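Only the coordinates and a few stated rules stand behind these numbers; no lab work does. Just so we're clear, the structure is a prediction, and the values are computed from it rather than from any experiment. Note that each Cβ is placed from the backbone with ideal geometry, even for glycine, and that neighbours are counted across all protein chains shown.
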Amino acid sequence: MVNTASPNTTSSIHAGRGLKETIERVASEPGAGARRGRGGRSYPRPNRLVHRGVWKAGTLPDNNRGRMSRTFRNPTYESDETLQQRLCSTWTRVSQRSHAVQCAHQSNSHARIQVTGSFDLLPVDVAFAVSCVWLVLGLVGFALRNRPQVVTSLIFPLTAAASLILSIAMLVGLGAAPTVAILPLGLPDLPFHLRVDALSAFFLFLLGITTFGVSLFSAGYFRGETGERLGLLTLQYHVFIAAMTLVLVADDALSFMVAWECMALSSYFLVTTDHWLLQARSAGFIYLLIAHLGALCLLFCFGAMQAGQGDYTFAAMRAARLDTTWSTAAFLLALLGFGAKAGLLPLHVWLPEAHPAAPSPVSALMSAVMLKTAIYGLLRITFNLLDMQLWWWGAVALTVGLLTALFGVLFAAVQTDIKRLLAYSSIENIGIIIVAFGLTILFRAFNMELLAALSLTAMLYHVLNHSVFKALLFLATGSVLHATGSRSFGMLGGLIHRMPRVAGLCLVGALAASGLPPFNAFVSEWLLLQSFLLTPGLPHSYLNMLVPVAAAALVLAGSLAAYVMVKFYGVIFLGRPRDAKLAAAQEASRWEHAGLGWLAALCVLLGLIPLTVIDAIDYVTVSLIGEKLGPVASKSGWLLLTPLSPARASYSPVIFLLVTVLVTVGSYLLVHRYFRRGTRRADAWDCGYPLQTPRMQDTAEGFGQPISQIFEPAFEIERTLPDPADLHPVYRKRQADRFWRALYLPVARLVEALSDLVGRSQHGRIQWYLFYSFATLLILLAFVR
Amino acid sequence: MTLALRIVSQLTQALIILGLAPLLLGWVNQCRAWLQNKSGAGIQQPYQVLNKLFAKDAVLARNASVLFRATPYILFGCMTLAAGIVPVVASDLPFARAADVIALVGIFALARVFLALAAMDVGTAFGTLGARREMLIAFLAEPALLMVFFTASLISQSTSLNTIVATLASARLVIYPSLAFAAAAFLMVLLAENARIPIDNPATHLELTMVHEAMILEYSARHLALIEWASSIKLMLYIAIGFALFVPWGIAGAGDLTAFVSVWNWGEASAGQILAYPIAMVFLLMKLVVAGAGLALLETVSAKMRIFRAPEFLGTAFLLAVLGMLIHFLLES
């Protein structure tokens, strides 16, 4: 096909049609049709928590509190000591080959927060209480929807305060023994079990710190909304975060699935907030479809793990001993089910549609926290509920993760919508996290515990980092969207002059997302590369050669991420404004700055104190695989991060930052001391070309052109070329996901064909329907005894 | 006292690199001029250029932002940090423990990202063109570079440059075939990352063929001086990394500096130890002369490729690096 346009022209030159509408139409779904459907009702408030807690062995349960009116089940309490013993024995068995056999919890005490009276707050209580508080706030916000200033100035800051309390409590509770609680909800023989251990506490901490920033931002972002829309947004937002909290503390399959579904449904309604747009409706449809496919796989997974005992609590699943076949089935179903939610290939197609359609704080929460609940689920099932890990599971996870990472970043490079680009970037980072997950399984399967701890630490660190910087980037795009009204790269530019603070904070996020030192993502990618460097030590003869080559693919994904972030930041904030109405763009409100500033500070802080973060992550790695990285990593003091040994590798972000800042400032001062010369402003030089318009600078399509040329087979490219006889010539280049045509379209056609086939039996003739009933009755009588 | 001595050694080495980098650039340009039968401007020309640029007034575009003005200093800071990490004269630098090879690649990436953003800041066609091309070359060169470092670190069981130099220097002329492939890949990456022919012509005046120059078109005076200086430091550092990995003999090891400086150790230390530091300087100068001449020769006999041949070039470098790693697994372990 002849490509008559040079690489630098914009790919969509329209006469008489708005670019935004065209892009919306171009980005709209080719696949399954959109359906109208809204039946959301507010979720029933759960009953008050009646009893909970762990008591020390030998004492009676302290339950005469007066406010109780229900009975509770004694045998399901676990005494502190029996829990410790059981956990200890598990770790001893598992980490036999490691040189440091130790039980996880060093202290015998729980994390108790003493409040007046005989009332003790355990981490599980705090988690449940905070989710209840959020639900209440959501309902109050819905009730007060006609007073928007109350909602935005009171409700959302209270949400933020509650999330801060949650994160502090979880940080304190990381080192404590697991705490359980049972709610009088659910089925008669399967009430809701809740449990907070180190893994849950880590992910709850992540949820807390991210929700704090996002809620502060939302206090300023939702200022312009009123009435029905604001009320529904507030309600759905709070149900969403409460549901995510409950997913992270669920300790049996029923409460997990209930919370999972609540999370999916509330986010569906958030995605379809702008339900009058076709793109939002179809995005919501595909999102719900894939979420339910994943939920179905999860149901089967839980079914495989209950091992025929019928007991769906996680405690029973932990104690069950499955054989290889069932364990493999459970793992693959979990990978499929949680992968659908996390956005792994090939079930990733909902991510680039749903994230742009939702309001920006919700996109931030979805990308930063909801995807991580899927990662939590994978970790929970693979390392906590299943008692064996086979090496080829790790190879499968590694392959899937690598393909996802490369796919995500390639597609991010060619996007023309700011939020779609960030959505694909999320896919890439989830791929990197799953690569680390695969490495952990590999090392664990070959009983290399310390190396498994290294890659697990890298994985959890990257989970934390990605939450923080992705939330920051999505919130910044929210501010840009509000200030300019446009989500398309072609209508932005030069915003660093109009919105300097948002631009500065977004720069921190963009640099962090590129994996540059001394920011946070560099540390986790560095740890991951270090663990890749140790894979030649694997005892398997082909793995130890092929896996290091996989490191090359990972590095490619990482360097493309820098390309993507330069495009993202440069086209939005730098250069000249590509549209006249950008001159009216206003700086964001103070709440928005607060949210962005918090997340930017976290990006810097997490990069500067890696040893402290690794100490916190150690609680999780010890509880999952029985080994920790902390003592080895901090062997050379608090300044140097030395995984494995100082001679092997070391990194000191503090020295790095200090020296760079010192030399930068020093050179500035020296230059101005000795070469004090003037500065004057003039037109841009541009090699002497006098006529420069903003249209001459590069566009997002231009930035993506080298990628789509080099990696052409990865895209499905559709070009519309102008004809010499056209009165309104149009050049359009559309780069679509191959999976739609290759996978989803055939599946949809098959489903339709099957439905048509079944539909032939529904022709409306009553005689045949009576015959159907009669035949069924005969068959049942004949074959069922 | 030893620590203070080592910090002084560190600072001295950084200053040596900062001072010698324009000289290296001048030597390369002079060699290139001789090869083209011209008389050349002399090896001191880059110093004169820097002097001239620092003495001028800076002219900035009207819409240049704070990022544009801060980037030259940030770039210079990153290159100076890298100069403190790469073992050029001695290999037991205290700062070297702050960053290993992966962090070194990260430092170069940080500098490059800032330069690309600054290039996009003024909003001209050439700036954004240069930024795009530079990031294209970078994302293809970075995996190749990291694979080269991986090969070296698999041999020396470490990613710390100090340890790599110590291991490879003490190997007593053992031939590592994997390092031969890695050296070829590293040479190709060096040409790409430092904007030399065949990827980019550093002496071109044609804007549509520029990559690195296009990014710095809008800079003038002291900003341009700092950026040019930082580019020459980067070239010198890449050549020094190449020496450290593939020609590590002659770099002073641990303890050699104290043996040199502390007078009362002269009785105990051997002559080889005492003289290791000055010998290392002599070796460095010799290596730089040879490397500069070699670079000039390579540039003279090659032609610049068009931009979309660069991915093939860098893909070849990547392939060679991966081959080096696989050869390490097959032959050396």
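Here are a few things to note about the model shown:
- Tensor-based shape of the stretch A:634-742 (alpha-carbon gyration tensor, a/c under 1.5 rounded, otherwise prolate or oblate): oblate
- ³J(HN,Hα) computed for each position of the stretch A:221-238 - Karplus, 6.51 cos²θ - 1.76 cosθ + 1.60, integer Hz, glycine/proline x: 6, 8, 5, x, 8, 9, x, 4, 5, 5, x, 5, 4, 4, 4, 5, 4, 6
- Over the C-alpha atoms of the stretch B:56-180, the Rg to Rh ratio, Rh being the Kirkwood estimate, stands at 1.10.
- Debye intensity ratio I(q)/I(0), log10, the stretch A:428-522, q values 0.15, 0.20, 0.23 Å⁻¹ (C-alpha model): -0.67, -0.94, -1.09
- Derived from the Cα gyration tensor, the three semi-axes of the equivalent ellipsoid of the stretch A:527-572 are 32, 9, 4 Å, largest first.
- Here the stretch A:243-344 is treated as an ellipsoid with the same Cα gyration tensor; its semi-axes, largest first and in whole Å, are 30, 15, 8.
- Positive-end residue, chain B charge dipole about Cα centroid, Cβ charges, pick of B:149, B:307, B:209: B:209
- The fewest-to-most ranking of B:209, A:621, A:477, B:80 by surrounding Cβ atoms within 10 Å reads B:209, B:80, A:477, A:621.
- Within the stretch B:287-304: backbone nitrogen closer than 14 Å to the residue B:37 label point (7 Å, Cα to C-beta): none
- Taken as entire DSSP H runs, the helices of chain B that both span 15 Å or more between Cα atoms along their own long axis and average -1.0 or more on the Kyte-Doolittle scale are B:2-35, B:66-85, B:101-121, B:125-156, B:177-193, B:221-246, B:276-301, B:310-331.
- Computed over the protein assembly as shown, Cα set: Rg, Dmax in Å: 30.9, 115
- Here residue B:304 is the anchor, and the aspartates and glutamates within straight C-alpha reach of less than 19 Å, apart from those fewer than 8 places off in the same chain, are B:134, B:193, B:200, B:207, B:213, B:312.
- Sorted fewest first by neighbouring Cβ atoms within 10 angstrom, A:546, A:344 come out as A:546, A:344.
- Think of each Lys and Arg Cβ as +1 and each Asp and Glu Cβ as -1; about the Cα centre, that makes the dipole of the stretch A:322-430 roughly 200 debye.
- Each label was represented as a point 7 Å from its Cα along the Cα-to-Cβ direction; for residue A:605 and residue A:647 these points are 3.8 nm apart.
- Entries of A:419/A:733; A:567/B:52; A:470/A:733 with Cα pairs more than 24 Å apart: A:567/B:52; A:470/A:733
- Backbone amide hydrogens, once placed in the peptide plane, bring residue B:302 within less than 5 Å of nothing, excluding anything fewer than 5 places away on its chain.
- Cα-centred dipole magnitude for the protein assembly as shown, charges only on beta-carbon of K, R (+1) and D, E (-1), debye, nearest 20: 1780 debye
- Modelled FRET efficiency - R0 30 Å, residue B:12 with residue A:689, Cβ distances, 0.05 increments: 0.05
- Å³ per residue enclosed by the Cα convex hull of chain B: 139 Å³
- Evaluated on the stretch A:376-485, the Kirkwood hydrodynamic radius is 15.0 Å, with distances taken between all distinct Cα atoms.
- Fewest-first sequence of B:7, B:199, B:102 by Cβ atoms within 10 Å of each Cβ: B:7, B:102, B:199
- FRET efficiency, residue A:727 to residue B:206 (Cβ-Cβ, R0 41 Å, nearest 0.05): 0.65
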